[in-house]
1. Can you give the helix-only mean residue ellipticity at 222 nm for the chain, where every DSSP H stretch with n ≥ 4 adds -39500 (n - 2.57) and the sum goes over all residues, rounded to the nearest 500 deg cm²/dmol?
2. Give me, ordered by chain and number, the residues 5 or more places off residue 4 or on other chains with an amide H under 5 Å from its own placed amide H.
3. Taking a cut-off of 23 Å between Cα atoms, list the lysines near residue 75, but don't count ones fewer than 8 places away on the same chain.
4. Going by a ≥ b ≥ c, the root eigenvalues of the Cα gyration tensor, does segment 54-100 fall in the rounded group (a/c under 1.5), the prolate group (a/b larger than b/c) or the oblate group?
5. Which of rounded, prolate, oblate describes the chain, given a ≥ b ≥ c as roots of the alpha-carbon gyration tensor eigenvalues and a/c under 1.5 marking rounded, otherwise prolate only if a/b is larger than b/c?
6. Taking the chain as the reference, fit the longest principal axis to its C-alpha atoms, fit the long axis of helix 60-73 to the helix C-alpha atoms, and give the angle between the two in degrees, 0 to 90, nearest 10.
7. So, for the chain, what is the accessible surface per residue at a probe of 1.4 Å, expressed in square angstrom?
8. Quick check for me: using +1 on Lys/Arg Cβ and -1 on Asp/Glu Cβ, what's the dipole size of the chain about its Cα centre, in debye to the nearest 20?
Amino acid sequence: MRLNLGCGYRHQDGYINVDLDPVCAPQVQADLEHARWPWDDASVDEVRMCHSLEHMGETVATRKFVMQEMYRVLKPGGLVNIAIPWHKHAFFWNDPTHVWPITVEQLMLFDRALNQWNREHFSAHTPLAEYWGIDLRIVPNSVEYHLDQNGEVGKQLSAGQISQAEVHRRAESDWGVVMEVSLQMRKYPLEAPE
């Protein structure tokens, strides 16, 4: 089973299209922030959240609920495909329904192996995977930063005036460089416990 959560009008073939608002005619209308999700434990192969996760989780408690439910319904090894607006771009801040400015570093806090490494190296990062009972790890090489092609950095890169390394440096320090980020996460453990 594959879920397109917070689908809005972006219905996807091959997915169960889910949204809270009936106006966009989802196949399943569900409140993903406050009510147990209507799927069995370990029943979902893939979750797609394209510009929807940032609309959920106005409070930390709600974020925790959403992430725990996602983890619960995913099969071991199941995938989560996420696309989110970059928190350092007006694209995020101009929509008043965006309530969670998500970073890649935040999503890394849902990785138990990284939680363990951080603890062993006295890092101050909060071990959310351990606290929340989940383990979702970013798939290596899946993170893609999509530049604002109308911005100065996008134009400079297209013209060959700056390097990819400079783009990454400026994406972390400057506003308006990156417009959105997409990535995949995988549920661990990869196999169901016996």
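1. The helix-only estimate for the chain comes to -7500 deg cm²/dmol at 222 nm.
2. When sequence neighbours closer than 5 places are left aside, the close amide H contacts are 16, 17, 18, 48.
3. Result set, ordered by chain and number: 64, 187.
4. Note, shape of segment 54-100 comes out oblate.
5. oblate
6. Helix 60-73 sits roughly 60 degrees off the main axis of the chain.
7. That works out to 53 Å² per residue.
8. Dipole of the chain, to the nearest 20 debye: 200 debye.
The values are calculated or read from the model by the stated rules, or taken from the named source; none is laboratory data. Everything numeric in this text was worked out from a predicted model, so none of it was measured. So basically every Cβ, Gly included, is an ideal-geometry build from the backbone, and we count neighbours across all protein chains shown. Ligands, DNA and RNA are excluded from the accessible area calculation, which covers all protein heavy atoms including side chains. Shrake-Rupley method; radii C 1.70, N 1.55, O 1.52, S 1.80 Å.
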